[in-house]
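Heads up, the thing below is written out as structure tokens.
Rule-based calculations on the coordinates, nothing more; no lab input. Small disclaimer: the values here were computed from a predicted structure and weren't measured. A quick note on method: Cβ atoms are made from the backbone with ideal geometry, for glycine too, and the neighbour counts reach across all protein chains shown.
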Amino acid sequence: MNLENRIKVMIETLQALRDTYEKIEKEIEELQNELMKLSPKKGWTEYRWVKNKVGKKYWYYYYCYWENGKKRSVYLGKRIPSSLLQGFKDRARAKAILARLRSLYEQKIEIVRRIEVAENILYSI
């Protein structure tokens, strides 16, 4: 393989890396926008029984979370509000988005490293 062909292959590789980098940047921006729209809720729900004055048991939902090292509970009643359920779903989606963002940032670092290697090779020719 002569020098011209090697240079062409390097240029094509650099262009492919640039295209991939741009796709990653676009996906990162979309994921960050989606993450900003979410309203995740920390904590969990518990279904507890409570005795009334007569001693009869009733079951109620409580929203529990940790605050300043203490467990806090908020009475919810017989039903869990849909906003709280949506908050739990948003938390799960936020975790998935953050995992994907970490993966994309790692890919970006790898692409930058490959571009630097390719530049060094081209400068040495």
Filter the stretch 57-108 down to residues that are without any contact (Cβ under 8 Å) to a residue 60 or more places away in the chain and touching a helix residue (DSSP H, G or I) at 6+ places or on another chain (Cβ under 7 Å), then give me how many there are. 2
Give Y60, Y105 a once-over and let me know the one that is surrounded by 10 or more Cβ atoms within 10 Å (Cβ to Cβ), under 30 Å from R18 (Cβ atoms) and hydroxyl-bearing (S, T, Y). Y105
Every residue from the stretch 74-85 that is under 17 Å from W49 (Cβ atoms) and within 27 Å of the chain's Cα centre (by Cα): I80
Filter the stretch 1-47 down to the residues that are surrounded by 13 or more Cβ atoms within 10 Å (Cβ to Cβ) and of a type in the set (D, E, K, R), then identify the one that is farthest from K89 (Cα to Cα). R6
Residues located in the stretch 33-78, provided they are in a strand (DSSP E or B), of a type outside the set (A, V, I, L, M, F, W, C) and under 29 Å from L101 (Cβ atoms): T45, Y63, Y65, E67
Looking for whichever is over 30 Å from L17 (Cβ atoms), out of contact with any Phe, Trp or Tyr (no Cβ under 6 Å at 6 or more places or on another chain), loosely packed, with under 13 Cβ neighbours inside 10 Å and among the hydroxyl-bearing types (S, T, Y) here; the options are S124, S82. Which one fits? S82
Report, by residue number, each residue of the stretch 1-32 that is in a helix (DSSP H, G or I) and of a type in the set (A, V, I, L, M). L3, I7, V9, M10, I11, L14, A16, L17, I24, I28, L31
